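Step one of this worksheet: look at the structure below.
The values are calculated or read from the model by the stated rules, or taken from the named source; none is laboratory data. This is a predicted model, so every value here is computed, not measured. Reconstructed Cβ throughout: ideal geometry from the backbone, glycine too, with neighbour counts over all protein chains shown. Ligands, DNA and RNA are excluded from the accessible area calculation, which covers all protein heavy atoms including side chains. Shrake-Rupley method; radii C 1.70, N 1.55, O 1.52, S 1.80 Å.
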Amino acid sequence: MGVLDGKVAVVTGGTSGIGARTATLFAAEGARVVIAGRRTEEGEKLAAEFGGTFVRTDVSVEADVEALIAHAVERYGRLDVLVNNAGDPGAGGSVADADLARFEQTFAVHLGGVLTGMKYASRVMLGQESGSIINIASTTARLGGWAGLGYSAAKAAVIQLTRGAAVELGEHGIRVNSISPGPILTGIFAKGAGMDAAEADRTAAAMESAFTAALEIYQPIHRAGTPDDVAQAALWLAGDGSAFVNGHDLAVDGGISAGRPASVALAERAKLAKAFADLRG
Ligand SMILES: NC(=O)c1ccc[n+]([C@@H]2O[C@H](COP(=O)([O-])OP(=O)(O)OC[C@H]3O[C@@H](n4cnc5c(N)ncnc54)[C@H](OP(=O)(O)O)[C@@H]3O)[C@@H](O)[C@H]2O)c1
């Protein structure tokens, strides 16, 4: 028996990375899954692999999101889970050089996509008086210096949008939660650096040792986060095991948001103690 037997799920940004792994895991756990993204070839190939369907969708276009949700309901008769996962590297740059058009586009994808997803999914879920909506935010919503300004600000807004939706929809049996992943081994970083999307997805796993080394002083669990780490959290939030969890932001970040590793803090303290000792002579 699967955790999601009988449920229907939509996963946006399902053509690669976290979304692709989430969709595959949900299908393996019994859900009928619709994935969405802009790359038709990748989407159709993956959907065929796990026995679901793909709908070409740009989440910054409201009509696309409306059609995506309508497809799921027409095809499977209901909607139990929506994972608002689609996202791109978004706007970066310094404050003084901020490009407002790029900011608006970043907000249209990361925040507008989440809002319209919830808008059309909630209309279906309200009729059923049940459902679970999972919005993918980020550790960068709370920490400066880890991602571009626009991306981080949009992710912070996703967490607050989640809370607002949770208190409204929770009264009608619909749970709304977010997940804040830390750095996860996917192609999003290479895409942000300008690499072709397919190549970025293909080469993501090869970055594992560089990732682990770069995170050593920040992340208490010393390994790179994987799409499966996030997918497993999404599975729990999607299933009935989390039936009393609503309005929560779940960190899946190896402890980055809890603080730096104790070994790093101890080494820093030892350095300071030595500096004091040297001062005294
Ligand atoms: N990797 C990390 O370290 C990390 C950390 C925290 C949060 N996140 C978040 O996790 C989510 C998934 O990212 P990922 O790391 O798995 O990267 P990824 O492999 O690049 O996946 C991003 C997905 O979003 C889709 N997408 C991008 N723009 C879209 C748009 N306008 N409309 C529809 N789909 C769009 C992409 O598909 P198409 O190209 O086919 O459109 C792709 O399926 C994103 O929201 C990201 O911000 C990632």
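Things to note:
- Scanning the range 1-21 for residues that are more than 17 Å from L79 (Cα to Cα) and buried (at least 21 other Cβ atoms within 10 Å of the Cβ) yields G13, T15, S16, G17, I18, G19, A20, R21.
- In the set (1) assigned to a helix (DSSP H, G or I); (2) open to solvent by less than 10 Å² (accessible area, probe 1.4 Å), the condition left unmet by I179 is number (1).
- Residue in the range 136-143 that is over 18 Å from A72 (Cα atoms), out of contact with any Ser or Thr (no Cβ under 8 Å at 6 or more places or on another chain) and not acidic (D, E) present: no
- Conditions (1) within 10 Å of the ligand (Cβ to nearest atom); (2) surrounded by fewer than 24 Cβ atoms within 10 Å (Cβ to Cβ): number failed by G51: (1)
- Residue match in the range 80-103 (condition: open to solvent by 60 Å² or more (accessible area, probe 1.4 Å), without any contact (Cβ under 8 Å) to a residue 60 or more places away in the chain, within 12 Å of the ligand (Cβ to nearest atom) and in a helix (DSSP H, G or I)): no
- Residues in the range 131-162 that are open to solvent by 20 Å² or more (accessible area, probe 1.4 Å), out of contact with any strand residue (DSSP E or B) (no Cβ under 9 Å at 6 or more places or on another chain) and hydrophobic (A, V, I, L, M, F, W, C): L143, W146, A147, L149, A153, A156, A157.
- Scanning the range 110-130 for residues that are surrounded by fewer than 24 Cβ atoms within 10 Å (Cβ to Cβ) and under 21 Å from V34 (Cβ atoms) returns G112, L115, T116, K119, Y120, S122, R123, V124, L126, G127, Q128, S130.
- Residues within the range 190-199 that are more than 7 Å from the ligand (Cβ to nearest atom) and within 22 Å of T106 (Cβ to Cβ), tallied: 6
- Any hit, the range 252-265, residues being within 19 Å of I136 (Cα to Cα) and in contact with an Asp or Glu (Cβ under 8 Å, 6 or more places away or on another chain): yes
- For A205, the stated conditions do not hold, so it cannot be described as touching a residue at least 60 places away in the same chain (Cβ under 8 Å), among the small types (G, A, S) and within 12 Å of the ligand (Cβ to nearest atom).
- Checklist (1) within 15 Å of the ligand (Cβ to nearest atom); (2) at pLDDT below 95 applied to P183, failing item: (2)
Per-residue answers, yes or no, for (1) open to solvent by 20 Å² or more (accessible area, probe 1.4 Å); (2) within 13 Å of the ligand (Cβ to nearest atom):
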residue: A23; (1), (2): no, yes
residue: A28; (1), (2): yes, no
residue: V33; (1), (2): no, no
residue: G37; (1), (2): no, yes
residue: T40; (1), (2): yes, yes
residue: V61; (1), (2): yes, yes
residue: L68; (1), (2): no, yes
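- Only one entry in A234, A190, A205 is open to solvent by less than 40 Å² (accessible area, probe 1.4 Å), among the aliphatic types (A, V, I, L, M), in a helix (DSSP H, G or I) and more than 18 Å from G117 (Cβ to Cβ), namely A190.
- Identity of the residue in the range 70-79, in contact with a helix residue (DSSP H, G or I) (Cβ under 9 Å, 6 or more places away or on another chain) and more than 16 Å from the ligand (Cβ to nearest atom), that ends up least open to solvent (accessible area, probe 1.4 Å): L79
- Answer from R223, R142 - the residue that is charged (D, E, K, R), more than 11 Å from the ligand (Cβ to nearest atom) and either within 12 Å of the chain's Cα centre (by Cα) or under 23 Å from H110 (Cα atoms) (or both): R142
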